[in-house]
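J.: One structure coming up, written as structure tokens, with questions to follow.
The values are calculated or read from the model by the stated rules, or taken from the named source; none is laboratory data. In this text, all values refer to a predicted model and were calculated from it rather than measured experimentally. No Cβ is skipped: glycine too gets one built from the backbone with ideal geometry, and neighbour counts run over all protein chains shown. Protein only, heavy atoms only, side chains kept; ligands, DNA and RNA dropped before computing areas. Shrake-Rupley method; radii C 1.70, N 1.55, O 1.52, S 1.80 Å.
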Amino acid sequence: MPRLKKQKENTIKRSRRKITPLQTVKGMRDILPTEQFIWEHILNKSRSLCDDFGFKKIDIPILEYSELFERGVGQTTDIVEKEMFSFETRGGDKVSLRPEGTAGIVRSYIENGMSRWTQPVKLYQEGPMFRYENPQEGRHREFHQFGFEIFGDGCPAIDAQVIYLAWKIFQKIGIKNLTIQINSIGCGECRPNYKNLLTDYYEMKINKLCVDCKKRLAKNPLRLLDCKEDKCMQVASSAPQIIDHLCGDCHNHFKNTLEFLDELELPYVLNSNLVRGLDYYTRTVFEIWSSDSDLSANQSSLGGGGRYDNLVEALGGGDVPAVGFAFGIERIVKKLLNDKISLDKKNNRQVFLVQLGDAARKKALKLFDKLIDNKVSVGESLGRGSIKSQLKIANKLNSKFALIIGQKEALDETVIIRDMESGIQEVITMDKVVAEVKRRLKK
Ligand code: AMP
């Protein structure tokens, strides 16, 4: 069939694919209230540690010009080649939903003249990323990352500090069984020689490689080292190791970084096959892996990062060394759920308002307002009629006290305060309720 005709038929076939507006777009998901407390836990711990380490929050747009990622992340990376959500605006601009956070922050660093700020500039960001990947467990098309970057300092102590912060965040979140996988991928001086060596090695083994790796070899031989296909992993295990081919400066940088990690007593594993999937890295690259057997190889990387000393310059800024890290929030949520970690679910309410009849409902509405103004967490079920069913909910929410307003209380301007544990009830006047509740909660 002629090519054009086939393309047209494919487009028609695709547009006939049965979709319904009542489903999330493929690879995207809702984060329901039942999961939100875990997200809050992860974000609060991460933000607070970033704050302790002197990082400032930055928010950047979700949409950037596609060229930023093409030049930043790299034309030959899987992300740019196959995974970007790109489209043309009505004005004809080519834009993409961000597939990762670093390129955008670098754009912002340059655009906002941050090289004139006191260096190093330490920034953190959080938010959705988009990659058109094959959706599967631990891989979504919309996922969320928390990441941080340090600009303007090339010292290996900074690499160690970023790794330390990443590690500490995971500890504070409560994740166990982790390892830090670390490698150096050299610089513009030493990497080209190593790439040649690697290409020579792989060319001799070309028949033992998967289809994708055969294609990747000419464009990006480093990526062959981290292919997850069994046969490619076998070939990679005897490949030349970059560590043996680093130039003097890169060798010293890596050695010093490891010494700082030793000083911090961080449990790292040297992994000569770790290369990361983005072109901008130089020298140190690292990932944090979960060693849990219940996570597949695809999902065992919880986060990754490294040094990218040439990216600012490559995107039109000055010669500014930088290093960063990002982790995927969905994978951490899954890990916490697997580990059955107990967190404060925050569903609990200190007091619960129980009402009977319309007059009481009106009083309850006003009392609710007074209580929340006084920072008391209040539960209510204004639509329900029976006292019994309302007390049941109060129990579920672990409320310490129920405040009951019946028809009589509504007339008398009083409230019954019931201790949910002992069942003891007392009547107090409406104007004293808030003070009394606060006094009892303090005990
Ligand atoms: P990367 O930028 O590919 O190194 O990804 C950093 C982290 O983001 C990974 O370790 C994952 O935790 C997470 N991540 C990357 N891609 C996805 C995805 N498609 N779905 C969910 N999480 C992802």
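J.: Ignoring everything except DSSP H segments at least 4 long, calculate the 222 nm mean residue ellipticity for the chain; use -39,500 (n - 2.57) per segment, divide by total residues, nearest 500. Kindly include the intermediate steps, with their values, before the conclusion.
T.: On the way: 16 runs with 177 residues, N = 443.
Using -39500 (n - 2.57) per qualifying helix, the result is -12000 deg cm²/dmol.
J.: Let me ask something additional. Mean shadow of region 264-342, computed from the convex hull of its alpha carbons, in nm²?
T.: Answer in nm², one decimal: 7.2.
J.: Take the alpha carbon gyration tensor of region 351-442, find the square roots of its eigenvalues, order them as a ≥ b ≥ c, and report rounded if a/c is under 1.5; if not, report prolate when a/b exceeds b/c, else oblate. Provide the component values of the computation, followed by the final result.
T.: Details: a/c = 1.31, a/b = 1.07, b/c = 1.23.
Rounded shape, in that the Cα axes give a/c under 1.5.
J.: Continuing with the same structure: Leaving ligands, DNA and RNA out of it, report the carbon-plus-sulfur percent of the accessible area of the chain at a 1.4 Å probe. Spell out each step's value before the answer.
T.: Working: 11780 of 23720 Å².
Looking at the chain in its full context, I get 50 percent from C and S.
J.: Mind checking Rg over Rh on the chain, alpha carbons, Kirkwood formula for Rh?
T.: Details: Rg = 28.3 Å, Rh = 25.7 Å.
My calculation puts Rg/Rh at 1.10.
J.: Give, as a single signed number, the net charge of other residues whose beta carbon lies under 11 Å from the beta carbon of Q181, with Lys and Arg counted +1 and Asp and Glu -1. All intermediate terms of the calculation are to be shown ahead of the outcome.
T.: Working: positive: R276; negative: D226, E287.
My count for the surroundings of Q181 gives -1.
J.: Alpha carbon centre of region 429-443 versus region 261-332: separation in Å?
T.: Using only Cα atoms to place each centre, the spacing works out to 53 Å.
J.: Calculate one ³J(HN,Hα) per residue across region 94-107 by plugging θ = phi - 60° into the Karplus curve 6.51 cos²θ - 1.76 cosθ + 1.60, and present them in order as whole Hz with x for glycine and proline.
T.: Whole-Hz 3J(HN,Hα) from phi for region 94-107: 8, 10, 9, 6, 5, x, 6, x, 5, 4, x, 5, 5, 4.
J.: So what does C155 come to for accessible area, using a 1.4 Å probe and Å² rounded to 10?
T.: The accessible area comes out at roughly 50 Å².
J.: Using a Förster distance of 45 angstrom, determine the FRET efficiency expected from the C-beta separation of I206 and N398, and round it to 0.05.
T.: Details: r = 64 Å, r/R0 = 1.42.
The value I calculate is 0.10.
J.: If you don't mind, another one. Can you compute the label reach from E133? Point 7 Å from Cα along the Cβ direction, backbone N cut-off under 13 Å, restricted to region 204-246.
T.: 228, by backbone N distance to the label point.
J.: Anyone know which of G304, G385, G277 comes out most mobile in the 10 Å Cα GNM of the chain?
T.: G385
J.: Any idea how far apart E40 and Q171 come out in nm if each label point goes 7 Å out from Cα toward Cβ?
T.: Computed distance between label sites E40 and Q171 equals 2.7 nm.
J.: Once amide H atoms are placed 1.01 Å from N in the peptide plane, what residues at a sequence separation of 5 or more from F352, or on another chain, have their amide H within under 5 Å of its amide H?
T.: G379, F401, A402, L403
J.: Oh, and also: For K396, go through the aspartates and glutamates and keep the ones whose alpha-carbon is under 19 Å away, minus same-chain ones fewer than eight residues off.
T.: E35, D344, E380, D419, E421
J.: Obtain the nm distance between the two label points defined at I62 and K408 by a simple spin-label model: each point lies 7 Å from its Cα along the Cα-to-C-beta direction.
T.: If labels sit at I62 and K408, their model points lie 5.6 nm apart.
J.: Once amide H atoms are placed 1.01 Å from N in the peptide plane, what residues at a sequence separation of 5 or more from T282, or on another chain, have their amide H within under 5 Å of its amide H?
T.: Amide H neighbours of T282, under 5 Å, 5+ apart: R307, Y308, D309.
J.: Return, ordered by residue number, the residues of region 423-443 whose backbone nitrogen is under 17 Å from a label point located 7 Å along Cα→Cβ of D373.
T.: Within reach of a label on D373: 430-438.
J.: Here is a follow-up. Kindly report, to the nearest 10 Å², the accessible surface of D262 as traced by a 1.4 Å probe over protein heavy atoms only.
T.: Around 90 Å² of this residue is reachable by solvent.
J.: Given K94/K215; K57/K442; K370/K392; K370/K400; K392/K432, which pairs have Cα atoms separated by over 29 Å?
T.: K57/K442
J.: Past the 18 angstrom mark, what percentage of all C-alpha to C-alpha distances in region 118-249 do you count? Could the numbers behind the result be given before it?
T.: Working: 6026 of 8646 pairs.
Pairs farther apart than 18 Å: 70 percent.
J.: Right, next: Per residue, how much accessible area does the chain show when a 1.4 Å probe rolls over the protein heavy atoms, in square angstrom?
T.: Working: 23720 Å² over 443 residues.
On a per-residue basis, the chain sits at 54 Å².
J.: Relative to the compact globular guide of 2.2 N^0.38 Å, what is the alpha carbon radius of gyration of region 115-186, as a ratio?
T.: The reported ratio for this selection is 1.38.
J.: Here's a follow-up. Check which residues have an amide H placed less than 5 Å from M129's amide H, if you skip close sequence neighbours.
T.: Amide H to amide H, under 5 Å and 5 or more residues apart or across chains, M129 pairs with F143, H144, Q145.
J.: Okay, moving on. If you filter region 234-343 for trypsin sites (Lys or Arg not before Pro), then keep DSSP loop positions with at most 13 other Cβ within 10 Å, what is left? List each step's numbers first, then the result.
T.: Details: sites: K255, R276, R283, R307, R331, K334, K335, K340; in loops: R276, K340.
Counting only loop positions with at most 13 other Cβ atoms within 10 Å, the trypsin sites (Lys or Arg not before Pro) in region 234-343 are K340.
J.: Please give the Cα centre distance for region 217-239 versus region 110-131, rounded to the nearest Å.
T.: Cα centroid to Cα centroid, the span is 33 Å.
J.: Going 7 Å from the Cα of I31 along its beta-carbon direction, which residues of region 96-125 have the amide nitrogen within less than 17 Å of the resulting point?
T.: Of the residues in region 96-125, 98-101, 124-125 have backbone N under 17 Å from the label point off I31.
J.: Just to confirm my numbers, what's the Cα centroid distance between region 72-103 and region 349-398 in Å?
T.: What the calculation gives is 50 Å, centre to centre.
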